1. Using Cα pairs closer than 8 Å and at least 6 residues apart in sequence, work out the relative contact order for chain B, in percent.
2. Among B:R53, A:R197, B:R224, what's the order by accessible area (1.4 angstrom probe), most exposed first?
3. For region A:2-48, with the dipole built from +1 on Lys and Arg beta-carbon atoms and -1 on Asp and Glu ones, taken about the Cα centre, which of A:A43, A:G32, A:H21 lies farthest toward the positive end?
4. Put the label 7 Å from Cα along Cα→Cβ for B:K215; what are its distances to the other copies, in nanometres, shortest first?
5. In nm to one decimal, list the spacings between the A:E8 label point and its equivalents in the other copies, with label points set 7 Å along Cα to Cβ, shortest first.
6. Give the accessible area for B:E173 in Å² (nearest 10); use a 1.4 Å probe, count only protein heavy atoms, and leave out ligands, DNA and RNA.
7. Using a 7 Å offset from Cα along the direction of the beta-carbon, what are the separations from A:H21 to the same position in each other copy, nm, ascending?
8. Any lysines with Cα under 27 Å of the B:K3 Cα? List them, leaving off those in the same chain fewer than 8 positions away.
Protein chains: 2
Amino acid sequence: SLKSWRDEKRTVAWLHIPITHSRFISLAGNHGFEYHHAEGSMAMMKLWLKTTREDPTPIFGTHQVGVSGVVINEKTEEILVVQDKNRPYTLWKFPGGLSDLGEDIGKTAEREIFEETGIKSEFKSVLSMRQQHNLPGAFGRSDFYIICRMKPLTFEISACVEEIRECKWMHIEDLKREIEVSSLTMRLTDMVEYGLREGWDVVDIGCEEMESIYKGFKFKLYHRPFHKQSGSS
Amino acid sequence: SLKSWRDEKRTVAWLHIPITHSRFISLAGNHGFEYHHAEGSMAMMKLWLKTTREDPTPIFGTHQVGVSGVVINEKTEEILVVQDKNRPYTLWKFPGGLSDLGEDIGKTAEREIFEETGIKSEFKSVLSMRQQHNLPGAFGRSDFYIICRMKPLTFEISACVEEIRECKWMHIEDLKREIEVSSLTMRLTDMVEYGLREGWDVVDIGCEEMESIYKGFKFKLYHRPFHKQSGSS
């Protein structure tokens with residue numbers, strides 16, 4: 001059938017192979033098929049048929065997305081910080097973790113903060129994002145890391161015994177004097193100080209839900225708040 | 001050996017299976033292994049061994065990342081717009097496409113703009129980002145879409161015949177009157193108008209390269225420009 005597909009000028013052939021039928025994989029491999037992706041009990045194989053043009057099929061999921069939350073008690077000027085249990089070094093950092101499939105970043109922040117520290121919080125804005133490649137433990141995928149500004153809804157800490165060595169509210173002045181923080185944490189601490197002084201609108205990247213051109217789909221859009229000009233200039 | 005691994009209290013077993021040895025996949029499947037991921041000629045299978053704790057292994061690459069560029073000729077107040085060739089509808093949009101593995105978003109914007117329109121441009125800032133789930137054609141992965149502000153370095157259009165139906169410089173006033181644009185394009189057009197009027201610093205999300213705590217690694221960090229307070233307050 002590969003020959004007839006080529007004759008029909010089809011561009012690409014896909015094979016969906018359940019793990020129970022994985023004996024067909026070598027067979028497909030002999031005909032030039034390769035894995036496009038596989039997950040759980042299913043493998044998806046692909047063969048590009050057109051020789052006159054380069055294969056434009058996107059490779060599978062190029063990025064993982066991590067989210068952390070800077071939970072700020074504005075009255076006391078304290079920030080929620082944690083130390084990971086399973087790392088060799090003892091840096092103070094903001095609670096966070098990887099997004100589940102299909103999860104909005106604000107939800108990831110709220111979930112991870114609660115799981116790690118027992119604190120309930122509310123997403124306010126995005127403060128920063130980081131793109132990094134070749135990180136250890138990412139299976140060759142790149143990393144997008146989004147840092148959110150969060151408002152605490154509770155204040156009583158109950159740290160996750162499996163993941164967190166220590167967790168506390170730290171005053172921003174003490175956090176600024178810490179040496180055991182990453183350059184990213186220090187930068188964010190400076191931004192939070194700036195926002196506390198000048199108002200959050202100078203640092204915030206806002207979020208809004210909008211309707212997609214694909215009917216029934218919605219998306220979250222993040223950008224600087226701005227005032228639309230009324231009428232034509 | 002699975003039994004001895006369990007006895008040693010190992011938590012997870014991994015199998016790296018080349019396509020030429022794919023006869024072992026069903027065998028591994030019978031012992032409870034599942035695909036973690038596969039690509040090209042290699043499949044990675046996983047079995048979580050610890051029964052007392054939930055498997056914390058991250059799933060593989062949850063997101064694809066797309067980038068588009070708003071290329072603005074500030075003198076003429078014109079923006080570079082395209083119409084896709086292979087879509088049923090004829091919306092004006094900004095040139096762009098998916099990031100290659102390991103590619104910084106600014107580079108994706110520059111590359112895609114050049115491939116689609118022949119225009120050379122330079123990354124200036126991020127204007128907006130969108131997170132969307134369950135998009136068609138993303139193989140079940142979520143979509144991060146980053147929109148960059150770009151400065152044109154050349155002005156002569158040479159559109160890609162395979163991907164682009166039409167490509168032109170359109171004045172921002174005409175783009176604002178277009179009906180054949182998405183809500184995202186309209187929002188960005190409003191932002192660009194606002195930036196042209198008030199200065200780019202009111203809309204820009206800046207970018208800077210920083211050193212990682214992982215020696216030898218660098219990352220790109222994106223946030224609002226701000227003035228660090230000198231000394232302690």
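The values are calculated or read from the model by the stated rules, or taken from the named source; none is laboratory data. A quick note: this is a predicted structure, and the numbers were derived from the prediction, not measured. No Cβ is skipped: glycine too gets one built from the backbone with ideal geometry, and neighbour counts run over all protein chains shown. In case anyone asks, the SASA skips ligands and DNA or RNA and just uses the protein heavy atoms, side chains included. Shrake-Rupley method; radii C 1.70, N 1.55, O 1.52, S 1.80 Å.
1. Working: 390 pairs, mean separation 39.0, N = 233.
Once divided by the residue count of chain B, the mean separation gives 17 percent.
2. On the way: B:R53 80, A:R197 105, B:R224 20 Å².
Largest accessible area first, the list is A:R197, B:R53, B:R224.
3. Sorting the options by dipole projection puts first A:G32.
4. Values, ascending and in nm: 5.9.
5. A:E8 label point versus its equivalents elsewhere: 5.1 nm.
6. Accessible area, nearest 10 Å²: 30 Å².
7. Between copies, matching label points for A:H21 lie 2.6 nm apart.
8. B:K46, B:K50
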